[in-house]
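Novice: I have a structure here, written as structure tokens, and I will follow up with some questions on it.
The values are calculated or read from the model by the stated rules, or taken from the named source; none is laboratory data. Quantities reported herein were computed from a predicted structural model and do not represent experimental measurements. When we count neighbours, we look across all protein chains shown, and the Cβ atoms used for this are built from the backbone with ideal geometry, even at glycine.
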């Protein structure tokens with residue numbers, strides 16, 4: 001039996017793993033936010049990342065990257081991800097609906113699209129523009 005091309009691509013399986021991990025992350029974040037403050041949840045979230053960081057360093061024989069621009073982007077990514085995660089945890093802790101909060105915050109790619117158009121000069125096809133419109137409409141409807 002011959003499988004469709006995307007089932008044979010590494011990106012598909014990595015993407016599926018990310019979806020599964022993030023789905024479990026959202027549920028665990030909501031559960032934990034009932035017992036811990038958003039700040040404490042963020043601290044333990046970062047602590048949970050330590051074994052992954054060590055495993056990645058070990059796989060590279062503890063050799064760090066040296067590209068300063070890349071290090072800046074990665075560090076800024078970590079800072080912004082942490083602040084965004086802290087905001088999501090605070091939203092969960094506020095008693096909001098987990099499904100609505102998770103769906104609303106999962107629309108962050110719309111910000112990425114806007115930034116990519118403004119700063120990277122990327123262009124959208126008409127079909128992609130319609131898709132962004134549907135995503136925005138879905139967020140409004142879903143939050144009602």
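Novice: Does residue 70 count as free of Cβ contacts under 8 Å to residues at least 12 places away in the same chain, loosely packed, with under 12 Cβ neighbours inside 10 Å and at positive phi? Walk me through it before giving the result.
Specialist: Working: free of Cβ contacts under 8 Å to residues at least 12 places away in the same chain: yes; loosely packed, with under 12 Cβ neighbours inside 10 Å: yes; at positive phi: no.
Answer is no for this residue.
Novice: Let me ask something additional. Is there a residue in the stretch 40-50 that is surrounded by 11 or more Cβ atoms within 10 Å (Cβ to Cβ), outside the structural domain of residue 132 (by TED's automatic domain parsing), closer than 30 Å to residue 141 by Cβ and without any contact (Cβ under 8 Å) to a residue 60 or more places away in the chain?
Specialist: For the stretch 40-50, residues surrounded by 11 or more Cβ atoms within 10 Å (Cβ to Cβ), outside the structural domain of residue 132 (by TED's automatic domain parsing), closer than 30 Å to residue 141 by Cβ and without any contact (Cβ under 8 Å) to a residue 60 or more places away in the chain: present.
Novice: Still on this structure, I have one more. Does residue 89 fit the bill of being touching a residue at least 12 places away in the same chain (Cβ under 8 Å) and surrounded by 10 or more Cβ atoms within 10 Å (Cβ to Cβ)?
Specialist: Details: touching a residue at least 12 places away in the same chain (Cβ under 8 Å): yes; surrounded by 10 or more Cβ atoms within 10 Å (Cβ to Cβ): yes.
Yes, satisfied.
Novice: Right, next: How about the stretch 97-144: which of its residues are in a loop (DSSP other than H, G, I, E, B), surrounded by 12 or more Cβ atoms within 10 Å (Cβ to Cβ) and modelled with pLDDT under 85?
Specialist: 106, 107 - these are the residues of the stretch 97-144 that are in a loop (DSSP other than H, G, I, E, B), surrounded by 12 or more Cβ atoms within 10 Å (Cβ to Cβ) and modelled with pLDDT under 85.
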